[in-house]
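First the structure, in the form of structure tokens, and then the observations on it.
The values are calculated or read from the model by the stated rules, or taken from the named source; none is laboratory data. Given the structure is predicted, the values throughout are model-derived calculations rather than measurements. A quick note on method: Cβ atoms are made from the backbone with ideal geometry, for glycine too, and the neighbour counts reach across all protein chains shown.
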Amino acid sequence: MAKYICKRLGISAGILLVVVFLIYLLMRLLPGSYVENMAIQLSQVPGAKPYEEWVAQLNAQYGLDKGIVEGFFVQLMNMLRGNFGDSWKYAMPVTEKFSQVIGVSFVMGAVALALELVIATFLGIYAATRQYSPQDYLVTTGALLGISLPTFFFATLLKLVFSVKLGWFDLSGLVGRNFQSLSPWGQFWDMASHLVLPVLTLVVVSVGSLMRYVRTNMLEVLSADYIRTARAKGMPSSRVVFFHGFRNTLIPLVTILGSSLPGLFAGSLITETLFAIPGIGYTAYQAMIAGDIPFSMFYLTFLAVLTLLGNLLSDIAYSFVDPRVRLGGQYG
Amino acid sequence: MAYLTQMKNRENVLEIENLQVQFDTEGGIVRSVDGVSFSVPKGSVVGLVGESGCGKSVTSLSVMGLLQKPQGKITGGEIRLNPGENAYNLVNTPEKVLQKLRGDVVSMVFQEPMTALNPVISVGKQIDEVIFLHDTRYRTKEAIRSRTLELLKLVGIANPQGIYKLYPHQLSGGMRQRIMIGMAIACNPRLLIADEPTTALDVTIQAQILELLQNLKQELGCGILLITHDLGVVAGMADFVVVMYAGRVVEKGTVAEIFAQPAHPYTIALMKAKPVVGQQQDRLYAIGGKVPNPVELPPHCYFKDRCSHAFEPCAGDYPCEISLSPTHTVSCYKEAGNG
């Protein structure tokens, strides 16, 4: 197992190097770079230097006068030393900006994922044990509806119903107007209530595919021979489903969990934008359109690391739920 | 209660009478089992033989109440089980009551030991479960565990403690089938259904498993319904033989009667198809033609089109059962004059 993990880590490092290079390449090739925009603004100030001079000066200042390969290695060396540089757009160290905005995105992502898992597992099993019944059709149709709904449409619908008509939640933002005057608990509840609609949006648009996945897996497991054996033992069907069946559905679910690890930190651009929540998705998007190379590099590299780590973790987690992977040996 | 009934003969553990099972498929309604009747006396082995798809397994699953729902359903007949006092008609016994009988009074060994055990639960725990569900004599974890170890020993596993902790994938096919048998006999069932218990195993292991079943029958005194398509197994194990073809019983009798004087042309052909050790044969005998389509069964004898003895009466209705002796019956016009 240790040997396997080492090998996987080595492969992951190789993949990561290529990914980081591709990110840098793409960021450099983006048209309308940060430097050009800044040079345009600076050159329009009365009595300023002409545009070309500004561009040359700024390029040297930001290290963009080097070639792409050379620039990449400078950037890589800095990153390896743990120096991710300052964000150009936000004018502060990227790690500082990142830690400011990651919290709310992580909470949103984690709560949404937890809800998705619980709902998807419950509904998936519910539908699978009643295959082709009206309840099954209801659940699967609902799931399909959730998958098909565009985020912006559903979010707008939620806002219309819960904010405009019912007035239960604020339309947007992370905190209310009187946030500063509230007690610490009051502040917590204020933020929590502002996150209800965004989290609901996230859950509804992504729970469907997970639920269908659970349902399909459960159906496959329920038709397995060992389920018939369990029934033949005289076991109540609830125990058959939850004890014998569910343990086996966990195996494919673990893969999904591993791959959703980066999702916890990636933020959600559309939802955050729609609800004006200053999370990482929104911040990274702003940094990217401004051509902020250090911030984008940090964000995208971080996600690449998490993706690779997630894959590795789900492979390791397999061995916890599936004894066939854990032990491997054949006896007798 | 409507599901309690009387056995025709108190000496039987199982009586199946005129059982009808249908499956709704896309091609139409398939009558997998059509009017099957036979019984399993206490402490004896009944061999149920026939080719693949003739309804052997469906019959056994009907007894267990494990037909695939909602496609498969019992549309008629009675299955009477005798657990000792009251007899149950399993056809209309509610699921809750069936659960109490399954694994306790009637249990089953499946064909595929490779897939019939849950891959993520250790084999010992899987046997523990049956004891926990049915046997009130063992209430503590330790008591259940020691009973499981006892059972593992009983089914011929040399190192019960070691095997207890292992998962199915760590065991060979023969070992897994022993585990399955241990699970099936855990609560001293009155009836053990073995659905082709040796089909997936190689010949030496097959012999061991059959010997094990034979010993267990003597030790536990339970009736065994042995489903197989191997006539050699039937000859060695069974007391009675039931031959099925296309969902119907074509012939039944004691093992001596069936092997010495097979009466139905299908049984005769089956016997001929079995290769004999020490006899030179260039070509193995095979029955010509094929089994009729189960969706549109012919109005006459189902075997007529493949039968070498067919004559005019065979074009008439499906032949009724004819008794050749108190224990031997056959459904064939050829025997109509002898019955």
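Taken as a whole, the condition of being assigned by TED's automatic domain parsing to the domain that holds A:Thr121, free of Cβ contacts under 8 Å to residues at least 40 places away in the same chain, farther than 30 Å from B:Val106 by Cα and part of a helix (DSSP H, G or I) applies to A:Phe188.
Residue count for the stretch B:136-168 under the criterion of being outside any loop (DSSP other than H, G, I, E, B), at the interface with another protein chain (Cβ under 10 Å from one of its Cβ atoms) and surrounded by fewer than 19 Cβ atoms within 10 Å (Cβ to Cβ): the result is 1. Of the residues in the stretch B:189-208, at least one is within 23 Å of B:Thr327 (Cα to Cα), within 14 Å of chain A (Cβ to nearest Cβ) and of a type in the set (Val, Ile, Thr). On the stretch given as the stretch B:219-234, residues that are more than 28 Å from B:Tyr318 (Cα to Cα) and modelled with pLDDT of 90 or more total 2. Report whether or not A:Ser172 is part of a loop (DSSP other than H, G, I, E, B) and over 30 Å from A:Ser223 (Cβ atoms). Yes: the conditions hold for A:Ser172. Residue under question is A:Arg239, and the condition is that it be within 14 Å of another protein chain (Cβ to nearest Cβ), part of a helix (DSSP H, G or I), among the basic types (Lys, Arg) and closer than 30 Å to B:Lys125 by Cβ; does it hold? Taking the combined requirement at face value, the residue satisfies it. Evaluating B:Gly174 against the criteria (1) crowded, with 19+ Cβ neighbours inside 10 Å; (2) within 13 Å of chain A (Cβ to nearest Cβ); (3) in a helix (DSSP H, G or I); (4) at pLDDT 90 or above leaves one unmet condition, (4). Scanning the stretch A:243-266 for any residue that is within 14 Å of chain B (Cβ to nearest Cβ), part of a helix (DSSP H, G or I) and in contact with a His (Cβ under 9 Å, 6 or more places away or on another chain) turns up nothing. Which residue pairs have Cβ atoms closer than 7 Å, lie 6 or more positions apart in sequence or on different chains, and pair a first residue in the stretch B:113-135 that is more than 16 Å from A:Arg324 (Cβ to Cβ) and at the interface with chain A (Cβ under 7 Å from one of its Cβ atoms) with a second residue that is surrounded by 18 or more Cβ atoms within 10 Å (Cβ to Cβ) and among the acidic types (Asp, Glu)? Note: pairs meeting the criteria are B:His134/B:Asp104. On the stretch given as the stretch B:30-42, residues that are under 21 Å from B:Phe259 (Cα atoms) and surrounded by fewer than 24 Cβ atoms within 10 Å (Cβ to Cβ) total 4. Just checking, how many residues over the stretch A:43-64 are under 18 Å from A:Pro294 (Cβ atoms) and exposed (fewer than 13 other Cβ atoms within 10 Å of the Cβ)? Result for the stretch A:43-64: 2.
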